[in-house]
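To keep things clear, I will list the structure first and then write my remarks on it.
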Amino acid sequence: MTSFNISIQNMTCAGCAGRAERALNALGDTQSIVNLATHSARVDTSISPRELQQALQAVGYPARIDKVMIQIADIQAGAQADTLEREIIEHPSVTAASLNRVAQSIWVEFIAGTASPDEFLEIIERAGFVGQVERQGEIQPIRNMDFRRAILAALLTLPVFVVEMGGHIYPPIHAFVHSLIGMDLWALMSFLFISAVMIWPGRAFYSIGLRALLKGAPEMNSLVALGTLAAWGYSTCVVFAPDLLPSDQHFLYFEAAGVIITLILFGRFMESRAKGKAGAAIERLIGLQPQTAWIKTEDGFSETPIEQVQKGAIVRVKAGEKIPVDGAVIAGESYVDQAMITGEPMPVVRSIGDRLIAGTVNQDGTLDIKTTGVGATAMLAGIVRLVQDAQATKLPVQKHLDGVIRIFVPTILFIALGTFLGWRFLAPDAGVNSAIIAAVSVLVIACPCALGLATPTSILVGTGRAADLGVLFRRGDGLQLLADVKAIALDKTGTLTIGRPSVTSLYQSHEHASELASLQSRSTHPIAKAMEAMARDSGATLMGVQDFRAERGRGVMGSIDGTIWRIGSAAMMSEAGISVPDVTSPKAASLIYAAKGHDVAGVYAVHDEIHPKAPALIAMLKQRGIEPVMITGDQNAAAQAVADQLGITTFHAQTLPADKANLVKALQQSHGITAFLGDGVNDAPAMAQADVGIAIGTGSDIAIESSDVVLVAGDPAGVLVAQKLAKAIMANIKQNLIWAFGYNVVLIPVAAGVMVPFGFGMLNPILAGAAMAISSICVVSNALRLRRA
């Protein structure tokens, strides 16, 4: 299956998002999550993007189209040019393409998020031509369009509003208009002004809303369309067919229709601006990537566009410049500011052999780097993808809301109809105009948007803030569960310790440094690397190893010159029938044994320093009421020493990877929601078992892939940041939901007129429209507070 992030147009409420999601999921072999806050869909599918677009267009929410112009050198008219154009048109993401042979260029329109211009360049190159991207961008700038529509609606509505509402506050205004042009002509002018508002800037409410209504799937646009059409239709009847209404019911409500449209358009513009701020984290991350790099060539170093940099290229970075690629330092030494990627506040020293991340800043020296990742393969691109995935996620609480949102609009329609009929038959003296005002107010005050935005907007802002602090949430359910975690199991090596063990020889039967180095060079475990380094320092040379095998959590074995060698724990030796000597282990050290055949050839003490932030981490977890439990494959004495230093009361030593998963399961049964924090390959099963798997970002790829949360900086104390942010995000979501539900529960009855019998007046539809517009803005504004978390 292929994964896409598709931008979707015309979605204005949670109902729209739900319909778009159901349309995509109705396709064969497709799973999608539509996010109202980002106006996007995360789609995993085996069908073509063009089919996805057709499904979205059928329900009125097409995917956004990008457009790119590519210059093609030396292309002429003829069969070859026609073939190239046809091949590009046949690309599954392309909706249109036009080849201009005179200008030697091709315009390509394609579904945004499903392809890149590089794919079209490959087609051009396969056809034997050379292409270059000239211009690229969205076809429709949505936010600017909202603003222009709102301004136009305001200009057309303002005269009607001033005369009608101003005349109620200051009657001489009506007298002035009456004397100037007459009220009949003014009524006709009001009809023309507001009709223009509905036909031009407000047409989307009717084209989308009425179509959805006719399909039996009404949404927020349908409510606005029906409400404004009711006000406009009644007023139009007064102007052109007054005899159809009682003489005492000749009131005009053109200004209500116009102001409702204007306010909602302004509300959508402000909401989109706020959502743009909410998604600024992604833009910030993308902006960290430099556009050029200084590449070593035969003639020295030359500035090269970043997209042309290849893996293995030597890149020079001067003081003050951003590092353009992932790589390893091969020359130079400098302080590097990694705060924008890892959240670490202090610059770190980087010298030969150290790893560098694209987007970080070289502060004071010149560094030469051998490129290991660039563009889509760089760590920065991976972080962007993880943040996008997190922002597209749907929390368990959102899945419950979807059912409410699905019936929300139909329920409002029934309430509005009931309101109209109630006023007509229970209060006939109030007149048909009062019934219409009440029904219109109900239609326009109801706000499914606030319900739909409550969860995704908080996730959008919160996960972006987390990325700023070096925490990446990979899955939504992990975020929700981390907020209420009761216990956390922690790996020892590389999590509570620094993960750079030192090895000391306690006993050797004879010199075997070369055998030791040869066997351990085949392993990636930190202890193996430490033992290999010790052996090499003793003058070891690498020998051939056959039948190498690593036994996870125990050790390694292999054949050297026909002899079986084993290096590992006492348990490994015992299983092979090898007796180990009685050697006293230094405090906080683990014992590792080397065996030649069935005889112990050496005993080594492995010591790993406590991570400097581990004591504060354990203390803070306890302060938050979270039980810390250490689970390690290390020996009991070493585990006991670390637990004593850190104040951990519960620990489990000499555990295999499968045992770790079982211990996590036991914690879940005894404590409830349980997290696991680790960094190694052998931690993956425990992470998968835990409610929330948390990986150290400097750990293995398998551990990171098994996790729900990644601590980019490699600092275990980042779990405190992650947990606090998760609580803040969930609290923010609860606040939004309380507001969204409370707003609708309280104000819909007020709009229906339930307060009139108690001496209160009816709610003006204009105020109802303003309240609806403000409702969504309040939800988004509340979510934006997470940027300061």
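The values are calculated or read from the model by the stated rules, or taken from the named source; none is laboratory data. Being a predicted model, the structure only gives us computed values, none of them experimental. We place every Cβ from the backbone using ideal geometry, glycine too, and count neighbours over all the protein chains shown. Calculation scope for accessible area: heavy atoms of the full protein, side chains included, ligands and nucleic acids excluded. Shrake-Rupley method; radii C 1.70, N 1.55, O 1.52, S 1.80 Å.
Across region 488-497, the number of residues qualifying as modelled with pLDDT under 85 and among the small types (Gly, Ala, Ser) comes to 1.
Can you spot a residue in region 516-539 that is over 45 Å from the mean Cα position of the chain (by Cα) and touching a residue at least 60 places away in the same chain (Cβ under 8 Å)? Break it down into steps so the answer makes sense when it comes.
At the first step, the residues of region 516-539 found to be over 45 Å from the mean Cα position of the chain (by Cα) are 516, 535-539.
So of that shortlist, the ones also touching a residue at least 60 places away in the same chain (Cβ under 8 Å) come out as 516.
Yes, that holds for at least one residue.
For region 362-374, give me each residue that is open to solvent by 30 Å² or more (accessible area, probe 1.4 Å) and either modelled with pLDDT under 75 or assigned to a loop (DSSP other than H, G, I, E, B) (or both). The answer is 363, 364, 366. Scanning region 59-70 for residues being under 16 Å from residue 215 (Cβ atoms) and modelled with pLDDT under 90 gives a total of 2.
Elements of the type strands (runs of 3 or more DSSP E) sitting completely within region 672-789 and holding at least 2 residues that are more than 22 Å from the chain's Cα centre (by Cα), of a type in the set (Val, Ile, Thr) and surrounded by 21 or more Cβ atoms within 10 Å (Cβ to Cβ): there are none.
Inspect region 616-634 for any residue being of a type in the set (Ser, Thr, Tyr) and touching a Leu at 6+ places or on another chain (Cβ under 7 Å) and give the result as yes or no.
First, the residues of region 616-634 that are of a type in the set (Ser, Thr, Tyr): 632.
Restricting the remaining residues to those that are touching a Leu at 6+ places or on another chain (Cβ under 7 Å) gives none.
So far as region 616-634 goes, no, none of its residues is of a type in the set (Ser, Thr, Tyr) and touching a Leu at 6+ places or on another chain (Cβ under 7 Å).
In the condition set (1) over 25 Å from the mean Cα position of the chain (by Cα); (2) modelled with pLDDT of 90 or more; (3) open to solvent by less than 60 Å² (accessible area, probe 1.4 Å), residue 485 is compliant with all but (1). Would you mind stating whether residue 424 is open to solvent by 10 Å² or more (accessible area, probe 1.4 Å) and in a loop (DSSP other than H, G, I, E, B)? For residue 424, the condition - open to solvent by 10 Å² or more (accessible area, probe 1.4 Å) and in a loop (DSSP other than H, G, I, E, B) - is not met. Report yes if some residue within region 391-412 is modelled with pLDDT of 85 or more, of a type in the set (S, T, N, Q) and within 30 Å of residue 12 (Cβ to Cβ); otherwise report no. Yes, the conditions are met somewhere in region 391-412.
Here is the figure for region 438-479: residues that are under 25 Å from residue 627 (Cα atoms) and either basic (Lys, Arg) or at pLDDT 90 or above (or both) total 2. Screening 315, 349, 329 for residues that are within 33 Å of the chain's Cα centre (by Cα), exposed (fewer than 15 other Cβ atoms within 10 Å of the Cβ) and not in a loop (DSSP other than H, G, I, E, B) leaves exactly one candidate, 349. The lone criterion from (1) hydrophobic (A, V, I, L, M, F, W, C); (2) closer than 17 Å to residue 656 by Cβ; (3) surrounded by 17 or more Cβ atoms within 10 Å (Cβ to Cβ) left unmet by residue 565 is number (2). Being surrounded by fewer than 13 Cβ atoms within 10 Å (Cβ to Cβ), assigned to a helix (DSSP H, G or I) and at pLDDT 90 or above holds for only one residue in 229, 185, and it is 185. Looking across region 241-250 at every residue that is outside any helix (DSSP H, G or I) and not hydrophobic (A, V, I, L, M, F, W, C), the one that is surrounded by the fewest Cβ atoms within 10 Å (Cβ to Cβ) is identified as 246. Every test in (1) β-branched (Val, Ile, Thr); (2) in contact with a Leu (Cβ under 8 Å, 6 or more places away or on another chain); (3) at pLDDT below 90; (4) farther than 21 Å from residue 307 by Cβ is passed by residue 357 save one, and that test is (4). Within region 20-53, the set of residues being more than 15 Å from the chain's Cα centre (by Cα), hydroxyl-bearing (Ser, Thr, Tyr) and open to solvent by less than 60 Å² (accessible area, probe 1.4 Å) comprises 30, 45, 48.
If you take the residues of region 547-567 that are in a loop (DSSP other than H, G, I, E, B) and at pLDDT 90 or above, which of them is farthest from residue 513 (Cα to Cα)?
Keep residues of region 547-567 that are in a loop (DSSP other than H, G, I, E, B), which gives 552-554, 561-562.
In the following step, the residues that additionally are at pLDDT 90 or above were identified as 561-562.
Details: 561: 15, 562: 17 Å.
That would be 562.
The single condition from (1) in a helix (DSSP H, G or I); (2) within 24 Å of residue 609 (Cβ to Cβ) that residue 515 fails is (2).
Considering region 568-621, and only residues there that are acidic (Asp, Glu) and surrounded by fewer than 18 Cβ atoms within 10 Å (Cβ to Cβ), the residue that is farthest from residue 516 (Cα to Cα) turns out to be 609.
Going by the structure shown, is residue 435 open to solvent by less than 10 Å² (accessible area, probe 1.4 Å), more than 27 Å from residue 265 (Cα to Cα) and not hydroxyl-bearing (Ser, Thr, Tyr)? Walk me through how you get there before you give the answer.
Numbers: open to solvent by less than 10 Å² (accessible area, probe 1.4 Å): yes; more than 27 Å from residue 265 (Cα to Cα): no; not hydroxyl-bearing (Ser, Thr, Tyr): yes.
So residue 435 fails the test.
Of all the residues in region 532-542, those that are open to solvent by 60 Å² or more (accessible area, probe 1.4 Å) and among the aliphatic types (A, V, I, L, M) number 1. For region 745-768, which positions are within 29 Å of residue 730 (Cα to Cα) and touching a residue at least 12 places away in the same chain (Cβ under 8 Å)? Of everything in region 745-768, those that are within 29 Å of residue 730 (Cα to Cα) and touching a residue at least 12 places away in the same chain (Cβ under 8 Å) turn out to be 747, 748.
Considering region 251-283, and only residues there that are at pLDDT below 75 and touching a Gly at 6+ places or on another chain (Cβ under 8 Å), the residue that is surrounded by the fewest Cβ atoms within 10 Å (Cβ to Cβ) turns out to be 280.
Each residue in region 74-95 was checked for being modelled with pLDDT of 90 or more and exposed (fewer than 13 other Cβ atoms within 10 Å of the Cβ), and 1 pass. From the list 111, 106, the lone residue that is closer than 23 Å to residue 48 by Cα, modelled with pLDDT under 90 and open to solvent by less than 20 Å² (accessible area, probe 1.4 Å) is 106.
A Cβ distance below 7 Å, combined with a sequence gap of six or more or placement on separate chains, defines the contacts here; from region 296-310, residues that are more than 14 Å from residue 324 (Cα to Cα) reach no residue that is open to solvent by less than 50 Å² (accessible area, probe 1.4 Å) and of a type in the set (Gly, Ala, Ser).
Assess whether residue 523 counts as being open to solvent by less than 60 Å² (accessible area, probe 1.4 Å) and of a type in the set (Ser, Thr, Tyr).
Values: open to solvent by less than 60 Å² (accessible area, probe 1.4 Å): yes; of a type in the set (Ser, Thr, Tyr): yes.
Yes.
Would you mind stating whether residue 11 is free of Cβ contacts under 8 Å to residues at least 60 places away in the same chain, aliphatic (A, V, I, L, M) and open to solvent by 50 Å² or more (accessible area, probe 1.4 Å)? Walk me through it before giving the result.
Values: free of Cβ contacts under 8 Å to residues at least 60 places away in the same chain: yes; aliphatic (A, V, I, L, M): yes; open to solvent by 50 Å² or more (accessible area, probe 1.4 Å): no.
Answer is no for this residue.
Being out of contact with any Phe, Trp or Tyr (no Cβ under 6 Å at 6 or more places or on another chain), open to solvent by less than 30 Å² (accessible area, probe 1.4 Å), modelled with pLDDT under 90 and not in a loop (DSSP other than H, G, I, E, B) is a description that does not apply to residue 56.
Specify which of the listed residues (238, 177) is in contact with a His (Cβ under 7 Å, 6 or more places away or on another chain), part of a helix (DSSP H, G or I) and surrounded by fewer than 24 Cβ atoms within 10 Å (Cβ to Cβ). Full working, then the answer.
Working: 177 fails: in contact with a His (Cβ under 7 Å, 6 or more places away or on another chain).
Exactly one of 238, 177 is in contact with a His (Cβ under 7 Å, 6 or more places away or on another chain), part of a helix (DSSP H, G or I) and surrounded by fewer than 24 Cβ atoms within 10 Å (Cβ to Cβ), namely 238.
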